[in-house]
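Inspection log for the structure reproduced underneath, given as structure tokens.
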Amino acid sequence: MHQTPQPWVPAESRTRVAEISERHLGEGRTMAEVVAGIESLVSASDRLHNEEAFNLNPASNVLNPRAAALLASGAGPRTSLGYAGAKYEMGLEHIEQVEVVTAELAARLFNASFAEVRVPSGAMANLYAFMATSRPGQTIIASPETIGGHVTHHAAGAAGLYGLTTVDAPVDGDAYSYDLDALAHLAREVRPSLITMGGSLNLFEHPVAKVREIADEVGARLLFDAAHVCGMIAGKQWANPLDEGAHLMSMSTYKSLGGPSHGLLLSNDDQLSESIDAIAFPGMTANFDAGAVAALGVTLADWITCGEGYAAEMRDWRTNCPIAASNPSRAGLASPIPTSSPCSPAPSAEGLQGRGSSKPPGSSPRASVCPHPRCPVSRTASGWALPRSSVAV
């Protein structure tokens, strides 16, 4: 290998990297063989996910083929710097229209006055939100890992790398959300610049309006990370956090939204919108993947056309879950996609998969399977299994 071994990487990963490098780039390999190998690996991955395995990862979904085709179009490598009508490069009169249409579709779908569609991932959308609401050295309150708080809100992720101090929000374990009385007390104590909500474990709707009241009391802003539940929100099965008072709503767009691997950041706050726009341009995303923006536009159009029915199917699996059926007052249980586990909270992107997925060594699990003995989900030696009779198709 030309790269030197990286001692901070787990030993088994270093071994795996060395094996892959030797297999595909070993002595005597021509570049033509390397390219053919890359193409073969991608084809094998497509077969695995589309034909051979039933993917139970709720952070995965099925992309509209028309959107997928746009990802492979010539739009991707086209630089697009600046505002529509005032681009720095020539020949963008078509791409700029795609940008405008996609942003407008996002705003319509999520009832927002501003939509930033250039952001390349949900993690980056969160970073933009942190930068727009807080300064390095300030404190934020965020969901802890126990209820699926994402790393980007904490010390090892975007928040910490930006210089923020994160304090875990107190939680109501039964609701997988915040303990409001304890949160109000904590907010008065630490005076955060930002309170964030949302994560990968979502059993019930979150009390966004009440948390907004707490935020207002201490002069904080409120960010809702909707990465895992944006489909339920887009499909009007869960309340829209922006309507409930969140200043900002971030998301990745490939999970329950079923779009490309991309990000989205929305707001109804004019001041924050202007700040985010400046962070995006000329700040952090001078250029971006226009093909992904186009694919996102197709995805959003799908949701506007038939999203309510699709999201209703996500919600209706609750009739298959004994715990949900025994809690009619909490019938708002959510599944990120119809083909995911009907009793499991949504794990992170490296969570449940159809074939023997595993977390990085030393990390804690981010999803728990319903303990009820009649739950149709089980773990086998080869991975997580869900009988097809239990799956909405």
Matching entry among 112, 106 (being in contact with a Leu (Cβ under 8 Å, 6 or more places away or on another chain), touching a residue at least 12 places away in the same chain (Cβ under 8 Å) and in a loop (DSSP other than H, G, I, E, B)): 112
Search result, residues across region 197-222 that are touching a residue at least 60 places away in the same chain (Cβ under 8 Å) and either at positive phi or touching a His at 6+ places or on another chain (Cβ under 7 Å) (or both): 200, 202, 221
Breaking point among (1) part of a loop (DSSP other than H, G, I, E, B); (2) more than 15 Å from the chain's Cα centre (by Cα), for residue 200: (2)
Residue that is surrounded by the most Cβ atoms within 10 Å (Cβ to Cβ), among those in region 216-238 that are more than 14 Å from residue 140 (Cα to Cα) and among the β-branched types (Val, Ile, Thr): 229
Tally, over region 172-184, of residues that are modelled with pLDDT of 95 or more and closer than 22 Å to residue 59 by Cβ: 0
Top-ranked residue of region 52-93 - restricted to ones that are within 25 Å of the chain's Cα centre (by Cα) and in a helix (DSSP H, G or I), ranked as surrounded by the most Cβ atoms within 10 Å (Cβ to Cβ): 70
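The values are calculated or read from the model by the stated rules, or taken from the named source; none is laboratory data. Bear in mind that the values here come from a model prediction, so they are computed numbers and not experimental data. As a convention, Cβ positions derive from the backbone with ideal geometry for all residues, glycine included, and neighbour counts pool all protein chains shown.
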